[in-house]
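Participant: Sharing a structure below in structure tokens format, with a few things to ask.
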Amino acid sequence: MAIPLHFPLLLLAAMVAGYAARPARPELRSSQLMLGGLEEADMHEEGVHQAIDYAISVYNQENNDPYYSRVRRVVHARKQVVTGTNYYLDLEIGRTTCTKSQSDLAECPFVEHLHEHKRTYCSFQVYIVPWLHTISMTQYSCHND
């Protein structure tokens, strides 16, 4: 007895419809599904630290203050995976007691005197392409509070 051709086709169509109707990996967040979209950056990620170090280095090179500044606080950090990675950083920057002629910025204490104590807030966009060993500042802007 031969099985009619429409029965296997109907069964195949039902299987395809059932497969298509099931949720696609519900454990994935929507931000992980959107290529090129912005997502929160993991502060433990090496690229975030690279971007922050580079941003503060450029900031210190380009401002006219004789004293180093360094990051007081990371206000917000996001990333966007494109050909490389764009890091969008909102940082609170504080002036230190170390002049730019000194070498070790990491150990420089912040200025705490009220008349010299100013906080600067900056937004940086840093682009990193790890496999090409390139890092660049796409844009940044700062304001004092």
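Bear in mind that the values in this text are calculations on the coordinates, not laboratory data. Remember, it's a predicted structure, so these values are computed and weren't measured experimentally. Heads up, the Cβs are rebuilt from the backbone with ideal geometry, glycines too, and the neighbour counts pull from every protein chain shown.
Participant: For residues in segment 71-88 being farther than 22 Å from Val129 by Cβ and either out of contact with any strand residue (DSSP E or B) (no Cβ under 6 Å at 6 or more places or on another chain) or of a type outside the set (Lys, Arg) (or both), which is surrounded by the fewest Cβ atoms within 10 Å (Cβ to Cβ)?
Facilitator: Residue satisfying both the conditions and the ranking: His76.
Participant: Taking into account only those residues within segment 35-62 that are assigned to a strand (DSSP E or B) and not aliphatic (A, V, I, L, M), which is nearest to Tyr121 (Cα to Cα)?
Facilitator: That would be Glu40.
Participant: Hey, among the residues in segment 89-145 that are among the small types (Gly, Ala, Ser) and under 13 Å from Ala55 (Cβ atoms), which one's surrounded by the fewest Cβ atoms within 10 Å (Cβ to Cβ)?
Facilitator: Ser141
Participant: Say we look at segment 91-145 and pick out the residues that are in contact with a Gly (Cβ under 8 Å, 6 or more places away or on another chain) and polar (S, T, N, Q); which of these is farthest from Glu46 (Cα to Cα)?
Facilitator: Among those residues, the one meeting the criterion is Thr120.
Participant: Next up: Quick one: count up the residues across segment 94-145 that are under 17 Å from Pro66 (Cα atoms) and among the aromatic types (Phe, Trp, Tyr).
Facilitator: The number of residues fulfilling the criteria is 1.
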